[in-house]
1. Of the conditions (1) in a loop (DSSP other than H, G, I, E, B); (2) open to solvent by 40 Å² or more (accessible area, probe 1.4 Å); (3) at negative phi, Gln130 clears all except one; give me its number.
2. Within the stretch 133-167, restricting attention to residues that are under 21 Å from Thr71 (Cα atoms) and not acidic (Asp, Glu), which residue is most open to solvent (accessible area, probe 1.4 Å)?
3. Just need a number here: residues in the stretch 97-117 that are part of a helix (DSSP H, G or I) and touching a residue at least 24 places away in the same chain (Cβ under 8 Å).
4. Output the number of residues of the stretch 109-119 satisfying the condition of being buried (at least 19 other Cβ atoms within 10 Å of the Cβ) and under 18 Å from Leu67 (Cα atoms).
5. Name the residues in the stretch 146-165 that are farther than 13 Å from Leu176 by Cβ and either hydrophobic (A, V, I, L, M, F, W, C) or out of contact with any strand residue (DSSP E or B) (no Cβ under 7 Å at 6 or more places or on another chain) (or both), would you?
6. At pLDDT 60 or above and within 14 Å of the chain's Cα centre (by Cα) - does that describe any residue in the stretch 72-79?
7. Can you find a residue in the stretch 36-52 that is aliphatic (A, V, I, L, M), touching a strand residue (DSSP E or B) at 6+ places or on another chain (Cβ under 9 Å) and not in a helix (DSSP H, G or I)?
8. Out of the stretch 98-108, which residues are on the phi < 0 side of the Ramachandran plot and either at pLDDT below 95 or surrounded by fewer than 15 Cβ atoms within 10 Å (Cβ to Cβ) (or both)?
Amino acid sequence: NCVSRTKCGCALLGFLFSLAMALSAKAVQEINVDVCVYGGTSGGVIAAVQAARMGKSVALVALNNHLGGMTTSALGWTDIGHVDNNSGDYIQGVAREFYNRIGQKYGSSTTKWTFEPHVAEAVFNEMIQQAGVTVHTNEYLTSVVKSGAQIIAARMNNGDIFRAKEFIDASYTGDLM
């Protein structure tokens, strides 16, 4: 009958509302690290990896759930690597490691300057995981706390607070800067 369907409908709506509230009620975290890198761009990933390799505790905060910025979003041609007979000798360090790993993904023992976005993202994700960097996705900056001119904490849209000795702005827009 119509009355019992209405009661069931109200009960179901109430249950779904309660479930939605419970799922969205995430506890706010305070994350304390040596270095907080804001921006999951290629530069952000490389900075986070290097800081972790130097023994620092690192949090990488990404605006979405993909790391690598333009490199993993269809920019799979590295202009500068093709100069000097494709040697790319002037590209060294962690950046060169990235391109070497790209080559390995394609079964090559040499550096590869062109790649598919999903391959680049797989390499970045492996590098982050191997370095022990903690990644926080789908978060963006809402405010900072400063002591004098130094940023000591950053609050994100979900309420999480990152406290760090050093902050690196690796966003495209300089939001943390």
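The values are calculated or read from the model by the stated rules, or taken from the named source; none is laboratory data. Values in this document were obtained by computation on a predicted structure and should not be read as measured data. Here the Cβ positions follow ideal geometry from the backbone for every residue, glycine too, while neighbour counts run over all protein chains shown. The accessibility values were calculated without ligands, DNA or RNA, using every heavy atom of the protein model including side chains. Shrake-Rupley method; radii C 1.70, N 1.55, O 1.52, S 1.80 Å.
1. (1)
2. If we take residues in the stretch 133-167 being under 21 Å from Thr71 (Cα atoms) and not acidic (Asp, Glu), then Tyr140 is most open to solvent (accessible area, probe 1.4 Å).
3. Total meeting the criteria: 4.
4. Summing the residues that are buried (at least 19 other Cβ atoms within 10 Å of the Cβ) and under 18 Å from Leu67 (Cα atoms) in the stretch 109-119 gives 1.
5. Ser147, Gly148, Ala149, Asn158, Gly159, Ile161
6. We begin by selecting, within the stretch 72-79, every residue at pLDDT 60 or above; these are 72-79.
Now narrow it down to the ones that are within 14 Å of the chain's Cα centre (by Cα): 72-73.
Yes - at least one qualifying residue is present in the stretch 72-79.
7. Taking the stretch 36-52 first, the residues aliphatic (A, V, I, L, M) are 37, 45-49, 51-52.
From what's left, touching a strand residue (DSSP E or B) at 6+ places or on another chain (Cβ under 9 Å): 37, 45, 47-49, 51-52.
Checking the rest, the ones that are also not in a helix (DSSP H, G or I) come to 37.
For the stretch 36-52, residues aliphatic (A, V, I, L, M), touching a strand residue (DSSP E or B) at 6+ places or on another chain (Cβ under 9 Å) and not in a helix (DSSP H, G or I): present.
8. Phe98, Tyr99, Asn100, Ile102, Gly103, Gln104, Tyr106, Ser108
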